[in-house]
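Undergrad: Sharing a structure below in structure tokens format, with a few things to ask.
The values are calculated or read from the model by the stated rules, or taken from the named source; none is laboratory data. What you see is a predicted model, and the numbers here were worked out from it, not measured in a lab. Every residue, glycine among them, receives a Cβ derived from its backbone with ideal geometry; neighbour counts consider all protein chains shown.
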Amino acid sequence: MENLPPYLFVEINNKIAEKRAKGEEVISFAIGDPDIPTPEHIINRLCQAAQDPANHRYPETAFLPELRKAIAEWYKRRFEVLLDADREVLPLIGAKEGIAHIALCFIDPGDIALVPDPAYPVYSISTMLAGGKPYYMPLAEESNFLPNLDAIPEDIVKKAKLLWLNYPNNPTGAVADLDFFNRVIQFAQRHDIAICHDGPYTEVSFDGYQPVSFMQVDGAKEAGVEFHSLSKSYNMTGWRIGMVVGNAEMIDALKRIKSNLDSGIPQAIQYAAIKALSGPQDCIQKHNATYQRRRDLIIDILNDIGLEAKPPKAGLYIWAKVPKGYTSVELANDLLDKVGVAVTPGIGYGSNGEGYVRLSLTIPDAGLVKGLSRLAGWQDSKNRFKAKK
Ligand SMILES: Cc1ncc(COP(=O)(O)O)c(C=O)c1O
């Protein structure tokens, strides 16, 4: 417990809570949780399945075979990836649960996991909880937020058991192509490191861009696994369902850990997930059109007030540069104090997140309009920046 790092958003979260307790309205761009409801056909299936007493009991230990099949078929339709539904697919209680538990399978005390910085914090925390050490691979804008694997020292590579990657990326909004994944596979195989790719944002994309899956690369199944989720694709964060696919031995190991820790996913939710994956997919385009509209509005205002930001091709986040003279926490505090807008300081995602703040696209339209007009009124007092508008 002593080795766990402090939760870096505490200060700003406390401030938001204080303001709200005083009756002040805070507009939050800080939360990456879809505001759009789960599509109706999925909810209807959930309600129907909840009425069936067969689904009131412990779920089947190996999950519904229909769910594993639906996941395999979705990967085939979406990415032309062929998966064995029995051996290469495992449903999860959300991707986070699998990401946290896989460290217990492969990290012994003293082992290293290669973890991007900045990153979703669970990759490093799960490594630490298993007694291992994260080695942070910097993600820099100059390298399109892709890690430089050749820069990792040899003694670190020798001790590394897992390599974490996440594209489309949270928090930077960066994307990766198949060439990059191919290079990663070659590196990992040379050094006997298992790859864990986390891809929950492949369905959130803009301007016609289609993110790829790590599993599309030749050799991916030998080299590692991919975590995915229904959370962001179908606005199902609250239902807690995701999956891991790929290397059968890794999946078997995780299955063994999980069978001792949890009792599966409520079956009504598994039926809803089957409906989501095999039912109509037009909801995804509709959601993406909403996010794209919000993305463009936010980017315009940010650039106007001096927070340089490029439109991401995918994912739910804008990664905006902090103007000169501020740390990311100082800027987040200033925005909160002066205009009542909450953003996430980049340092919370790792030391290389310093210099940036993250804004989420999951803000309902009414809040968005208000938030944007407040942001437009923010003055950069340190650089005496004059808003262009
Ligand atoms: C990169 C990344 N991976 C995993 C997750 C967790 O997804 P799930 O809701 O499936 O647990 C998130 C959630 O924000 C995320 O940003």
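Undergrad: For T61, only one of the following conditions fails: (1) among the β-branched types (V, I, T); (2) more than 16 Å from the ligand (Cβ to nearest atom); (3) touching a residue at least 60 places away in the same chain (Cβ under 8 Å); (4) assigned to a helix (DSSP H, G or I). What is its number?
TA: Every condition holds for T61 apart from (4).
Undergrad: Scan the stretch 363-377 and give yes if some residue there is more than 13 Å from A30 (Cβ to Cβ), among the small types (G, A, S) and modelled with pLDDT under 95, otherwise no.
TA: Yes - at least one qualifying residue is present in the stretch 363-377.
Undergrad: Kindly indicate whether any position in the stretch 314-325 is farther than 23 Å from F9 by Cβ and touching a Pro at 6+ places or on another chain (Cβ under 8 Å).
TA: Yes, the stretch 314-325 contains a residue that is farther than 23 Å from F9 by Cβ and touching a Pro at 6+ places or on another chain (Cβ under 8 Å).
Undergrad: Follow-up question, since we're still on this one. Restricting to the stretch 177-204, give me the number of residues that are part of a loop (DSSP other than H, G, I, E, B), free of Cβ contacts under 8 Å to residues at least 60 places away in the same chain and touching a His at 6+ places or on another chain (Cβ under 9 Å).
TA: The total comes to 1.
Undergrad: Give just the number: which of (1) part of a helix (DSSP H, G or I); (2) more than 21 Å from the chain's Cα centre (by Cα) does L277 not satisfy?
TA: Going through the list (1) part of a helix (DSSP H, G or I); (2) more than 21 Å from the chain's Cα centre (by Cα), L277 breaks only (2).
Undergrad: Now, a different point. Would a scan of the stretch 321-334 turn up a residue that is closer than 30 Å to T38 by Cα and touching a helix residue (DSSP H, G or I) at 6+ places or on another chain (Cβ under 9 Å)?
TA: no
Undergrad: Please go through the stretch 213-242 and pick out each residue that is within 16 Å of the ligand (Cβ to nearest atom) and part of a loop (DSSP other than H, G, I, E, B).
TA: S213, L230, S231, K232, S233, Y234, N235, M236, R240, I241
Undergrad: Hey, another quick one. Please identify the pairs in which a residue from the stretch 314-333 that is closer than 24 Å to T290 by Cα has its Cβ atom under 7 Å from the Cβ atom of a residue that is at pLDDT below 95 and surrounded by fewer than 23 Cβ atoms within 10 Å (Cβ to Cβ), counting only partners at least 6 apart or on another chain.
TA: Cβ pairs passing all conditions: L316/G32; Y317/G32.
Undergrad: Let me ask you something else. State which residue is farthest from the ligand (Cβ to nearest atom) when the search covers only the stretch 102-111 and only residues that are surrounded by fewer than 22 Cβ atoms within 10 Å (Cβ to Cβ) and touching a residue at least 24 places away in the same chain (Cβ under 8 Å).
TA: The extreme case among them is G110.
Undergrad: Now for a separate question. Would you mind telling me which numbered condition in (1) within 26 Å of P266 (Cα to Cα); (2) part of a loop (DSSP other than H, G, I, E, B); (3) of a type outside the set (D, E) I42 fails?
TA: Result: I42 fails condition (2) only.
Undergrad: Give the number of residues within the stretch 147-176 that are out of contact with any helix residue (DSSP H, G or I) (no Cβ under 6 Å at 6 or more places or on another chain), assigned to a loop (DSSP other than H, G, I, E, B) and either more than 24 Å from I107 (Cα to Cα) or within 16 Å of the ligand (Cβ to nearest atom) (or both).
TA: 10
Undergrad: Of all residues in the stretch 1-39, count the ones that are part of a loop (DSSP other than H, G, I, E, B), of a type in the set (G, A, S) and in contact (Cβ under 8 Å) with a residue 40 or more places away in the chain.
TA: Within the stretch 1-39, residues that are part of a loop (DSSP other than H, G, I, E, B), of a type in the set (G, A, S) and in contact (Cβ under 8 Å) with a residue 40 or more places away in the chain number 2.
Undergrad: Right, here's the next one. Being modelled with pLDDT of 95 or more, crowded, with 24+ Cβ neighbours inside 10 Å and in contact with a helix residue (DSSP H, G or I) (Cβ under 9 Å, 6 or more places away or on another chain) narrows it down to one residue among L254, L297, L307; which is it?
TA: None of the other options fit; the residue is L307.
Undergrad: Turning to a different aspect of this structure: Filtering the stretch 86-101 down to residues that are under 15 Å from N260 (Cα atoms), within 15 Å of the chain's Cα centre (by Cα) and not hydrophobic (A, V, I, L, M, F, W, C), which residue is nearest to the ligand (Cβ to nearest atom)?
TA: E97
Undergrad: Only one of (1) within 13 Å of the ligand (Cβ to nearest atom); (2) free of Cβ contacts under 8 Å to residues at least 40 places away in the same chain; (3) buried (at least 23 other Cβ atoms within 10 Å of the Cβ) is not met by V122, so which one is it?
TA: V122 satisfies all of (1) within 13 Å of the ligand (Cβ to nearest atom); (2) free of Cβ contacts under 8 Å to residues at least 40 places away in the same chain; (3) buried (at least 23 other Cβ atoms within 10 Å of the Cβ) except (3).
Undergrad: Quick one: is E73 under 22 Å from V204 (Cα atoms) and within 16 Å of the ligand (Cβ to nearest atom)?
TA: no
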